[in-house]
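Please read the structure below before turning to the comments.
The values are calculated or read from the model by the stated rules, or taken from the named source; none is laboratory data. All of these numbers come straight from a predicted model, not from anything done at the bench. Counting neighbours? That spans all protein chains shown, and the Cβs are built from the backbone with ideal geometry, glycine included.
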Amino acid sequence: MSHKMPGIPFRHSATGTTIFTVMSGLAQQYNAINLSQGFPDFPLDAGLSRMLFDASASGFNQYAPMPGLPMLRQAIADDFANRYKLTIDPDTEITITPGATYGIYSAFTSILQRGDEVILLEPAYDSYIPNIEMNGAVAVPVSLVAPDFRVDWQKVKDAVTPRTRAVIINTPQNPTGAVWSRSDWDELAAIVRDTDIYVLSDEVYEQLIFDGHEHRTVMQHPELRFRSFALYSFGKVFNNTGWKIGYCIAPPQLTNAFRHVHQFMAFCVNTPAQYALAGFLRAATAEPVGRVMESKRDLFLSKLAETPFTVQVPTKGSYFQIASYERISDLPDMEFAQWLTKEHGVATIPVSAFYRNRQDDHLIRFCFAKKEETLMAAIERLRAVPVK
C-alpha cells in the first residue's frame, strides 16, 4: 500500500545549506584552516566564563522575563549612554534576543505583509533574503559599488516603489567591511522621509571598527531613530558567538510590535548567560574588542601581502577582509574557493554567495578573527599558492 505524502511548502528561494555550512564542512573534510565562517577560535574572557558558571551555580536557571533581564537591559542602556551619549529606555526600547539573526527575522515579521518590498544592499549577509521571503515579502537587491562598496544613492532611490515597506542596512558591513558615514544616514533619511518605510539596521559589528573610523548607529539619527530597529550581537563583542545572544533597540511602538512576535517564538533567552553578560558589561574590564581585532587585521594584511592575493581596500570594520585572486586563477569564485580548500588547505567564502544573482567579481572573503598562530599557519599555506 502506497502512501502519498502531503506537499511541503518552501518558504524562501534559497536552496541547499548555507555557504558557511558548505565551506566549513569542506574545511573539516580536507583538514583545512577555516578562515571561512565568522567565528573566533580563541577563548573568551575568563571573567565572563566565571560569571556564567556562577550564575548557573547560584540558581539562575529558570525562565527570564520575556523582554530580557531588567539588569541586562539597564546595562545596555548605560553602555549606550556612555559610548553614544544616547538615552535609551531599557523597559520600552530594548529586547534581548537569541542572536541577532533571530532579531532581524522578528523585526521583519513584526512589520511585513504579503507583497511588501524590502530593499537590501548587496553583497549582503545571506539570511536577509530568506527572512524577507519567509514573511511573504519581496527582496529588492541594490548592488554596492566595488572596490570600496559605496552606496549609489540614486539606485536606492530608484528601487523605492509604493510597495516598499523597509530597507535593511549593515554597518560595518559583512562581507565588505564598509562603514557608513553621517552623510550616508542623511541620504537614507531623505529617501524615506514622508513615507511609511521602516529601517532595519544590522549593527552587529559596531565595536569592531578600525583606523579611527567612528561607528554611527541609526539610533543617533534624529529622523531615522523613530522608524528603525537596530540589531546587535554580544557574540561579536565578547567572542562568544555560540551563546547566540543579541538585542533589538527600537522606539516603544516598534518594540511593542517586535515583542508581540518574540513572545510566541523564543519567549525568552538563556537566563544564566544574561546574568553573566549584565555583570560583565557593568564591570567593563575587557580590552576593547575593536583594538584586538584591528591588530589581527593588521597582522593578516601585512602577511597577506607576501602571497599572490591582492587587497584593494583594507576593511574598515568587522571580522572580514575581501581579497582578489586575479593573479592566481580565472576560475569562478565558488570553484576557486573549493580548489583553495582542497589543494592548499585554507577555507574562505566566495563573495558571489552574498548576491542573489551570484554576481562573480573573482573575490573571496577571509575571516581574520583567529589566533595569531592560526593566521600565520594559513599565510604559510597561501604563500605556496602559485601565480598563473
Cβ-Cβ below 6 Å, separation at least six or inter-chain, first residue in the stretch 166-182 and touching a residue at least 40 places away in the same chain (Cβ under 8 Å), second buried (at least 24 other Cβ atoms within 10 Å of the Cβ) and among the polar types (S, T, N, Q): which pairs? 169/201; 172/318; 174/318; 177/315; 177/318; 179/171
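Quick grid of which residues meet (1) at pLDDT 95 or above; (2) among the hydrophobic types (A, V, I, L, M, F, W, C):
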position: 150; (1), (2): no, no
position: 157; (1), (2): yes, no
position: 161; (1), (2): yes, no
position: 191; (1), (2): yes, yes
position: 198; (1), (2): yes, no
position: 201; (1), (2): yes, no
position: 206; (1), (2): yes, no
position: 217; (1), (2): yes, no
Does residue 35 satisfy the condition of being in contact (Cβ under 8 Å) with a residue 60 or more places away in the chain and over 27 Å from residue 265 (Cα atoms)? yes
Within the stretch 287-313, residues in contact (Cβ under 8 Å) with a residue 24 or more places away in the chain and either touching a helix residue (DSSP H, G or I) at 6+ places or on another chain (Cβ under 7 Å) or under 18 Å from residue 378 (Cβ atoms) (or both) come out as 289, 293, 296, 297, 299, 300, 303, 304, 306, 307, 308, 309
Over the stretch 315-328, the set of residues assigned to a loop (DSSP other than H, G, I, E, B), touching a residue at least 60 places away in the same chain (Cβ under 8 Å) and of a type outside the set (Ser, Thr, Tyr) is 316, 327, 328
Would you point out the residue of the stretch 315-334, among those that are more than 26 Å from the chain's Cα centre (by Cα) and not basic (Lys, Arg), that is surrounded by the fewest Cβ atoms within 10 Å (Cβ to Cβ)? 330
Kindly evaluate residue 190 against the criterion of being more than 20 Å from the chain's Cα centre (by Cα), buried (at least 17 other Cβ atoms within 10 Å of the Cβ) and either free of Cβ contacts under 8 Å to residues at least 40 places away in the same chain or within 21 Å of residue 83 (Cβ to Cβ) (or both). no
Filter the stretch 335-353 for residues that are in a helix (DSSP H, G or I) and touching a Lys or Arg at 6+ places or on another chain (Cβ under 8 Å); which is surrounded by the fewest Cβ atoms within 10 Å (Cβ to Cβ)? 344
Can you pull out every residue in the stretch 18-45 that is part of a helix (DSSP H, G or I) and either surrounded by fewer than 17 Cβ atoms within 10 Å (Cβ to Cβ) or in contact with a strand residue (DSSP E or B) (Cβ under 8 Å, 6 or more places away or on another chain) (or both)? 19, 20, 21, 23, 24, 25, 26, 27, 28, 29
Which of the residues spanning the stretch 354-378 are assigned to a helix (DSSP H, G or I) and surrounded by fewer than 20 Cβ atoms within 10 Å (Cβ to Cβ)? 372, 373, 374, 376, 377
Can you name the condition, by its number, that residue 186 falls short on among (1) assigned to a helix (DSSP H, G or I); (2) at pLDDT below 95? (2)
The residue that is farthest from residue 200 (Cα to Cα), considering only those in the stretch 97-121 that are under 17 Å from the mean Cα position of the chain (by Cα) and either surrounded by fewer than 18 Cβ atoms within 10 Å (Cβ to Cβ) or aromatic (Phe, Trp, Tyr) (or both), is 102
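Quick one: is residue 287 buried (at least 18 other Cβ atoms within 10 Å of the Cβ) and closer than 19 Å to residue 372 by Cβ? First the steps, then the outcome.
Details: buried (at least 18 other Cβ atoms within 10 Å of the Cβ): no; closer than 19 Å to residue 372 by Cβ: yes.
The answer is no for residue 287.
Among 279, 246, which is the only one that is crowded, with 22+ Cβ neighbours inside 10 Å and touching a residue at least 40 places away in the same chain (Cβ under 8 Å)? Don't jump to the end; show me each part of the working.
Working: 279 fails: crowded, with 22+ Cβ neighbours inside 10 Å.
Answer to the check: 246.
Considering only helices (runs of 4 or more DSSP H) fully contained in the stretch 52-140, which possess at least 1 residues that are touching a Pro at 6+ places or on another chain (Cβ under 7 Å) and assigned by TED's automatic domain parsing to the domain that holds residue 174?
On the way: elements: 70-84, 100-111, 128-134.
The helices (runs of 4 or more DSSP H) meeting that bar are 70-84.
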Consider the stretch 157-176. How many of its residues are within 21 Å of residue 359 (Cα to Cα) and more than 18 Å from the chain's Cα centre (by Cα)? 2
